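The values are calculated or read from the model by the stated rules, or taken from the named source; none is laboratory data. Note that the structure is predicted; figures quoted are calculated from it, not measured. Note that each Cβ is placed from the backbone with ideal geometry, even for glycine, and that neighbours are counted across all protein chains shown.
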Amino acid sequence: MIDYSGKRGVVFGIANQRSIATAVAQQLHALGAELALTFGPDTKGRFEQNVRELADTMNVSHVLPADVQEDGAIEAVFAALQKDWGGLDFVLHSIAYADRGDLEVPFSHTSRDGWRVAQEVSAYSLIRITRCAADLMRNNGGGSIVGMTFIGSALAVPHYNVMGPAKAALESAVRYLARELGPDNIRCNALSAGALRTLSSSGIRNFGEMLKTAGEHAALSRNVTVAEVAKTAAFLLSDVSSGITGQSIYVDGGFNIMAN
């Protein structure tokens, strides 16, 4: 039922081959979507190299820098897409960051700057991206936006610390954006993935233990795969999910429903 033929969209948040955003981009490409990919700041240039290598496998025409903390960077991405495409059908937001120092200290010791950076990169960036994307989506009669989140937004997950409130802010922003943009047929949802090994999760202390616990206590008695997350993202970004907006959809094997 899901057909992305003639659909165009942009994926934010690819860092390497293990990124959730990478799996989503590959799934969307397999379903026929035309993609634009972005890369974040990295002094060694690894992110750009990784994204360009992925783009080469999918004949991607737009590979664009997107430092969400830099004034004008997000706007430049959408200005390029406006010029070449004129319209837009979907956006994946898979951007999250917190300073490692603020992840390793007790939550009550979170620094003011650490709090600001986590919120700005992980949550406020969705608002800026959506504001820019909405004009292009209106040109196409609507669209779909999905932001990646985690159960640490609702539960106090060990060592997740400053990222928990950042993801909670993201999920709240999704609801407000969904309400605002619904009349324009623009949908906004959050996808809460289960524990997965990614570059972001490598910064969480004792993540291996978190992964083990998640698998043991999930309703399915296992961890989910990045492919399962990617397929759900493709569903939410497609017209097949046209009646769903403002939701946080869990893809965690049922871990979130268990009273452990």
Of all residues in the stretch 151-160, which are at pLDDT 95 or above and either buried (at least 21 other Cβ atoms within 10 Å of the Cβ) or within 18 Å of SER242 (Cβ to Cβ) (or both)? SER153
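Take SER108 and tell me if it is part of a helix (DSSP H, G or I), touching a residue at least 12 places away in the same chain (Cβ under 8 Å) and of a type in the set (Ser, Thr, Tyr). It would help to see each step written out before you state the result.
Numbers: part of a helix (DSSP H, G or I): yes; touching a residue at least 12 places away in the same chain (Cβ under 8 Å): no; of a type in the set (Ser, Thr, Tyr): yes.
No: the conditions fail for SER108.
Of the residues that sit in the stretch 48-95 and are among the β-branched types (Val, Ile, Thr) and either modelled with pLDDT under 95 or over 20 Å from the mean Cα position of the chain (by Cα) (or both), which one is nearest to VAL121 (Cα to Cα)?
Kept after step one, since they are among the β-branched types (Val, Ile, Thr), are these residues of the stretch 48-95: 51, 57, 60, 63, 68, 74, 77, 91, 95.
This time we only want the ones that are either modelled with pLDDT under 95 or over 20 Å from the mean Cα position of the chain (by Cα) (or both), so: 57, 60.
Working: THR57: 28, VAL60: 25 Å.
Within the stretch 48-95, the match that is nearest to VAL121 (Cα to Cα) is VAL60.
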For ILE145, which of the numbered conditions (1) more than 23 Å from ALA25 (Cα to Cα); (2) modelled with pLDDT of 95 or more; (3) in contact with a His (Cβ under 9 Å, 6 or more places away or on another chain) fails to hold? (1)
Just to verify a result, which residue in the stretch 125-134, among those that are buried (at least 18 other Cβ atoms within 10 Å of the Cβ) and not aliphatic (A, V, I, L, M), is farthest from PHE12 (Cα to Cα)? CYS132
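Being buried (at least 24 other Cβ atoms within 10 Å of the Cβ) and touching a helix residue (DSSP H, G or I) at 6+ places or on another chain (Cβ under 7 Å): is that true of LEU35 here? Full working, then the answer.
Working: buried (at least 24 other Cβ atoms within 10 Å of the Cβ): yes; touching a helix residue (DSSP H, G or I) at 6+ places or on another chain (Cβ under 7 Å): yes.
Answer is yes for this residue.
Tell me the residue from ARG128, ARG187, ARG175 that is under 16 Å from GLN247 (Cβ atoms), outside any strand (DSSP E or B), touching a residue at least 12 places away in the same chain (Cβ under 8 Å) and basic (Lys, Arg), please.
Within the list ARG128, ARG187, ARG175, the selection yields ARG175.
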Go through the stretch 9-52 and give me each residue that's more than 25 Å from ALA195 (Cα to Cα) and among the small types (Gly, Ala, Ser). GLY9, GLY32, ALA33, ALA36, GLY45
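May I ask you to list the residues in the stretch 207-232 that are of a type in the set (D, E, K, R) and closer than 17 Å to ILE20 by Cβ?
Within the stretch 207-232, the subset of a type in the set (D, E, K, R) is 209, 212, 216, 222, 228, 231.
Across the stretch 207-232, the qualifying residues are GLU228, LYS231.
Any chance the stretch 75-95 includes a residue that's surrounded by 19 or more Cβ atoms within 10 Å (Cβ to Cβ) and polar (S, T, N, Q)? Break it down stepwise before answering.
Applying the first criterion (surrounded by 19 or more Cβ atoms within 10 Å (Cβ to Cβ)) to the stretch 75-95 yields 77-78, 81, 85, 88-95.
Checking which are polar (S, T, N, Q) leaves us with 94.
Yes, that holds for at least one residue.
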Got a sec? Which of VAL60, VAL24, VAL51 is surrounded by 24 or more Cβ atoms within 10 Å (Cβ to Cβ) and either out of contact with any helix residue (DSSP H, G or I) (no Cβ under 6 Å at 6 or more places or on another chain) or of a type in the set (Lys, Arg) (or both)? VAL51
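Can you tell me which residue in the stretch 212-256 is modelled with the lowest pLDDT, limited to those that are of a type in the set (Asp, Glu) and outside any loop (DSSP other than H, G, I, E, B)? Full working, then the answer.
Quick first cut of the stretch 212-256, residues of a type in the set (Asp, Glu) only: 216, 228, 239, 252.
With the extra rule that they be outside any loop (DSSP other than H, G, I, E, B), the set shrinks to 216, 228, 239.
Details: GLU216: 83, GLU228: 96, ASP239: 97.
Filtering first and then ranking leaves GLU216.
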